[in-house]
Number of protein chains: 2
Amino acid sequence: MTPMSEPSASEPAPSDSEPANRIGPWTRRSRAVAYENPWITIWHDDVARPDGSPGIYGVVHFANVAAGAVVLDDDDRVLLVGQHRYTLDSYSWEIPEGGVPDGESALDGARRELREETGVEAEGWREIVRFHLSNSISDEAGVLFAARATSHGVATPEPSEDLAVRWLPFDEALEMTIDGRITDAMTIMGLQRMALERAQPTASSPAPSEGEIG
Amino acid sequence: MTPMSEPSASEPAPSDSEPANRIGPWTRRSRAVAYENPWITIWHDDVARPDGSPGIYGVVHFANVAAGAVVLDDDDRVLLVGQHRYTLDSYSWEIPEGGVPDGESALDGARRELREETGVEAEGWREIVRFHLSNSISDEAGVLFAARATSHGVATPEPSEDLAVRWLPFDEALEMTIDGRITDAMTIMGLQRMALERAQPTASSPAPSEGEIG
């Protein structure tokens, strides 16, 4: 365990730190990069907590925005991608999703991931959910879209990936989020959002658009 | 950026590594602790990817399971907790949720977080969603429960917390997940799940139970 650091207010900030910084009721006294790879940076911060007591905060900063797509075909089947998740050492069925780097829009990223992972083209793209995945520890943000499949093609996944593709009746996929066969949070949010639109067609959600976003 | 490491198969594994380890189509060649605090450990792994090519994997390992509770009162209002999230530097309204350490059940943890953050007691607890929050990077798992409020009390938050508590009409809270005022993934999943139960009372979700789980 990293011991709790108790910076003294009478000492100047360390030379590698940023100036004291207010973050709502928190104060950041210093920040150091504890780890970095192309996908995440870990910041180790010395902080004053809302009650003024000294503490630490380890923040997982994501380089990319998460984007995903709930894609339905004319037979009301939804497109799922299966892969063995290294972090969990278990197989996971999910909507097509991936990381969107700076300089690419979330919509372009979702469309690209869909094409790369499944070879499917789709239209009628519209945003359905915006979210933060684990805000006590990370700043990871994400966006989900809905779209209708218009073509099937040949997937061109990255060589590091080992993906399977399935078209599943929408109701069966939704059932998998209830019985625990699907556990991916982005997939749960996307399928539930679409199911609510179907169940409550007069609800306040934006009407499906035939056009493209942005 | 951490440079890509390319371990040679002809060299013995470093002394601080675990033996080569199969993880589905991946192979872990070594693991090192890159960072550790009481809540997360960062593992930096050298791996062989599904196509055999060398790579790295940074895994965010969570010490705790995430647990949350969708608590409704007799006036169909849902209990939300507001706080400034350090990671995002923004205010967030969420269902009561927190980390459950080893040795505590998810249900006990959800009940404890509810009591600490809001002072509310509830009954009729039942599990509604199990999930993984960000499985491309972390092994964070979570469980959501639904319950009915039976009493109000005095919150006893940890001194490091600065929390507000609100009872909001359920439909308004759900609307907040659609218009972007609520972005917390656990809250979105929980409110959506409850809304689906209401919209589809004959759906395959487990019927509400009056009893306690486990």
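Kindly provide the set of residues from region B:111-127 that are within 14 Å of B:Leu72 (Cα to Cα) and within 14 Å of another protein chain (Cβ to nearest Cβ), ordered by number.
B:Arg126
Against the conditions (1) at pLDDT 95 or above; (2) assigned by TED's automatic domain parsing to the domain that holds A:Ile182; (3) not in a strand (DSSP E or B), where does A:Pro38 fall short? Just the number, please.
Going through (1) at pLDDT 95 or above; (2) assigned by TED's automatic domain parsing to the domain that holds A:Ile182; (3) not in a strand (DSSP E or B) one by one, A:Pro38 breaks only (2).
Please verify whether A:Val71 is over 21 Å from A:Glu140 (Cα atoms), in a strand (DSSP E or B) and modelled with pLDDT of 95 or more, treating the condition exactly as stated. Please lay out each step first, then the result.
Working: over 21 Å from A:Glu140 (Cα atoms): yes; in a strand (DSSP E or B): yes; modelled with pLDDT of 95 or more: yes.
Taking the combined requirement at face value, the residue satisfies it.
Kindly indicate the residue of region B:152-190 that is open to solvent by less than 40 Å² (accessible area, probe 1.4 Å) and assigned to a strand (DSSP E or B) and also nearest to the other protein chains (Cβ to nearest Cβ) among those meeting that condition.
Filtering region B:152-190 for residues that are open to solvent by less than 40 Å² (accessible area, probe 1.4 Å) and assigned to a strand (DSSP E or B), the one nearest to the other protein chains (Cβ to nearest Cβ) comes out as B:Asp184.
Could you say which residue among A:Arg126, A:Arg112, A:Arg130 is within 19 Å of A:Val81 (Cβ to Cβ), surrounded by fewer than 21 Cβ atoms within 10 Å (Cβ to Cβ) and in the same structural domain as A:Phe170 (by TED's automatic domain parsing)?
One residue alone meets the criteria, A:Arg112.
Can you find a residue that is surrounded by 19 or more Cβ atoms within 10 Å (Cβ to Cβ) and basic (Lys, Arg) anywhere in region B:79-89?
Yes, region B:79-89 contains a residue that is surrounded by 19 or more Cβ atoms within 10 Å (Cβ to Cβ) and basic (Lys, Arg).
Applying the selection to region B:163-194, what residues are hydroxyl-bearing (Ser, Thr, Tyr) and without any contact (Cβ under 8 Å) to a residue 24 or more places away in the chain? Walk me through how you get there before you give the answer.
Going residue by residue through region B:163-194, those that are hydroxyl-bearing (Ser, Thr, Tyr) are B:177, B:183, B:187.
The answer is B:Thr177, and nothing else.
Within region B:16-72, count every residue that is facing chain A (nearest Cβ under 9 Å) and touching a helix residue (DSSP H, G or I) at 6+ places or on another chain (Cβ under 7 Å).
1
The values are calculated or read from the model by the stated rules, or taken from the named source; none is laboratory data. Just so we're clear, the structure is a prediction, and the values are computed from it rather than from any experiment. Methodologically, a virtual Cβ is constructed for each residue, glycine included, from the backbone with ideal geometry; neighbour enumeration extends over all protein chains shown. Heavy atoms of the whole protein, side chains included, go into the accessibility calculation; ligands, DNA and RNA do not. Shrake-Rupley method; radii C 1.70, N 1.55, O 1.52, S 1.80 Å.
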